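Inspection log for the structure reproduced underneath, given as structure tokens.
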Amino acid sequence: MIIRSMIRAGCPRGSLSRSVRIVNRTGRASRQYSSGNTASMPSSAPQSQASMLATITTDLDKIAPRFELQPDQIRIIKTPAEFYDTLKDRILKAQSRIYLSTLYIGRKEHDLISTIRTALQQNPNLKVSFLTDALRGTRETPKASCASLLAPLISEFGDRVEVRLFHTPNLTGLRKRLIPKRINEGWGLQHMKLYGIDDEVIISGANLSTDYFTNRQDRYHLFSSADLTAYFAKMHSGVCALSYDVQPSDSQAGYTMSWPSSNPAPSPLESPKSFRAAASKHLSHLLTPANRPSSPSKTSPPSSTHIYPVMSLVPLLQTSTELPALTTLLTSLSKPPFHPSSWTFTAGYFNMTPSFRRLLLSTRPASGTVLTAHPWANGFFGSKGVSGMLPDAYTHLSKMFLRKVRYEGLDSSIQIKEWKRGKVGEKDGWTYHAKGLWVTFPSASAAERQDGVEDDPSITVVGSSNYTKRSYELDLEANVIIATSDAGLRKRMGEEVKWLSEYATRVDESEFEKPDRKVSVGVKLSMWLVRVLGGAL
């Protein structure tokens, strides 16, 4: 019984069920998509890559706003150091605005804060807004914390600096008082990673702390688009208005946290139900396709690349766009002309919901790869307490996934690769935190094969989501879907998969039978207990 409950631990009630609500242009649920297995169907006449992509984007147009970019407006960043250098470079050149949405900023990130301080000193017109999570951002209080690190900027620059802390409405009352700080984030977080500077925005899964700047591998895409950056600025500001305000203080903590009367909702700690209702009214309109920018001018070159922001704000809204968009995409892959496509899926914390797993398996791909962290590359490896059990928990879930792959007869086409670069806590040890999806359509013609990009993806998803219960029921997530027919961008997307796979090795079920990979009953029991209490990994 315990093991069965644990296996279900990642499954949100109602998420990715047999049918999923889709938001139409007016915000009403309008279409349903089955997530069940699709029987093999005879292939129809071959279609070109461009034609197949158009079919997908037509469906996505009904779910999320579309932004048309040129391929050279997208830069795929490779390493943590390059990410940090790019971020600091853009901050120092900022002219009007900086907005940083992240889970937390490391309490010792004085170099980053110094860079922001310099930018504020150099340009009196610059304004900076920080959005982090209230639980993670204050966890170390009264010792140094994310909140105490940021508060002095307000003392120096006044209302040119805003610091907001989002608090989940899922953790209140007795539950909040009883659950230890080390694990209370399992009940919901501000998890978006949006780093906007003037008319550029970096979409990532990386937080802002030393490991993410040095030895924790993630994904980072820089978009040079005024329209897209402005869209995410609205999302950032919308959540800021539903968050606590931080001000500097002479107290031991170094800051105060209050709920402004100007917020359009009551505090989530005082009235969670009213908070959700007001938050839904405040944010839901931002997710609709109507938020796409006006049509490009006739002098603009035709765009080969479409960007769809897809969000998961289910703690605040009755529906969101990430889950419907991915359901639409993966369901399409199980049918002609998209079948059999190929895909690579990655998540540092491998805990996809059972329904998301069913969607992946139902595509019956020509080739499918799951790329995840080896326990030695898990950020929780060696941690004290319950969090130290998480690497073993993800190991168990990987084993269950391979068992299901074998049961479905897909073990010749779907594989798991574990990423390992040294060992956490030892010299030159890295962790793996990347997440996302790449999709490559089947080649339709000899001409396309001659282009040399038949094995490169036409679609990728990048952002903060881990595709888990937390992503679809508890956390705030921000992602984009990139859909392109441009050969150069497709090649760069394919290269991203290759360099992320550089330190990855294929594993099979026998790997998890080794003594050092066995999962204890205590780990399984802890996973079950977290679920019973309403949390998630």
Some residue of the range 50-65 being surrounded by 15 or more Cβ atoms within 10 Å (Cβ to Cβ), outside any helix (DSSP H, G or I) and either at pLDDT below 95 or of a type in the set (S, T, N, Q) (or both): no
Would you please name the residue that is farthest from Asp411 (Cα to Cα), looking only at residues in the range 346-378 that are touching a Cys at 6+ places or on another chain (Cβ under 7 Å) and not small (Gly, Ala, Ser)? Thr353
When you scan the range 128-147, do you find a residue that is at pLDDT 95 or above, out of contact with any Cys (no Cβ under 7 Å at 6 or more places or on another chain) and more than 25 Å from Gln190 (Cβ to Cβ), even just one? no
If Ala434 meets every condition in (1) at pLDDT below 90; (2) open to solvent by less than 20 Å² (accessible area, probe 1.4 Å); (3) of a type in the set (A, V, I, L, M) apart from one, which number is that one? (1)
Every listed condition ((1) at pLDDT below 85; (2) open to solvent by 40 Å² or more (accessible area, probe 1.4 Å); (3) in a loop (DSSP other than H, G, I, E, B)) holds for Val386 save (3)
Name every residue in the range 484-506 that is assigned to a strand (DSSP E or B) and crowded, with 21+ Cβ neighbours inside 10 Å, in order of residue number. Thr484, Ala504
Name every residue in the range 77-95 that is of a type in the set (S, T, N, Q) and open to solvent by 60 Å² or more (accessible area, probe 1.4 Å), in order of residue number. Gln95
Counting just the residues of the range 363-383 that are at pLDDT 95 or above and not in a strand (DSSP E or B), which one comes out surrounded by the most Cβ atoms within 10 Å (Cβ to Cβ)? Thr363
Would you confirm, using the coordinates I've provided, whether Ser225 is of a type in the set (S, T, N, Q), within 23 Å of Glu156 (Cβ to Cβ) and modelled with pLDDT of 95 or more? no
Output the number of residues of the range 107-133 satisfying the condition of being open to solvent by less than 10 Å² (accessible area, probe 1.4 Å) and closer than 21 Å to Ser204 by Cβ. 9
Within the range 287-316, which residues are open to solvent by 30 Å² or more (accessible area, probe 1.4 Å) and of a type in the set (A, V, I, L, M)? Ala290, Val314
In the range 101-114, is there at least one residue being assigned to a helix (DSSP H, G or I) and in contact with a strand residue (DSSP E or B) (Cβ under 9 Å, 6 or more places away or on another chain)? yes
Enumeration of residues in the range 445-469 that are assigned to a helix (DSSP H, G or I) and either touching a helix residue (DSSP H, G or I) at 6+ places or on another chain (Cβ under 7 Å) or at pLDDT 95 or above (or both): Glu448
The range 309-361, residues that are of a type in the set (Gly, Ala, Ser) and farther than 23 Å from Tyr394 by Cβ: Ser320, Ala325, Ser332, Ser334, Ser341, Ser342
Go through the range 334-362 and report how many residues are within 22 Å of the chain's Cα centre (by Cα) and part of a loop (DSSP other than H, G, I, E, B). 6
Could you tell me whether the range 73-84 includes any residue that is at pLDDT below 50 and among the aliphatic types (A, V, I, L, M)? no
Considering Leu149, Leu165, which residue is assigned to a helix (DSSP H, G or I) and crowded, with 20+ Cβ neighbours inside 10 Å? Leu149
Of everything in the range 134-146, what is under 28 Å from the mean Cα position of the chain (by Cα) and surrounded by fewer than 20 Cβ atoms within 10 Å (Cβ to Cβ)? Give them in sequence order. Arg139, Glu140, Thr141, Ala144
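The values are calculated or read from the model by the stated rules, or taken from the named source; none is laboratory data. Small disclaimer: the values here were computed from a predicted structure and weren't measured. All Cβ positions, even for glycine, are placed from backbone atoms using ideal geometry, and neighbour counts span all protein chains on display. With ligands, DNA and RNA removed, areas are computed over all heavy atoms of the protein, side chains included. Shrake-Rupley method; radii C 1.70, N 1.55, O 1.52, S 1.80 Å.
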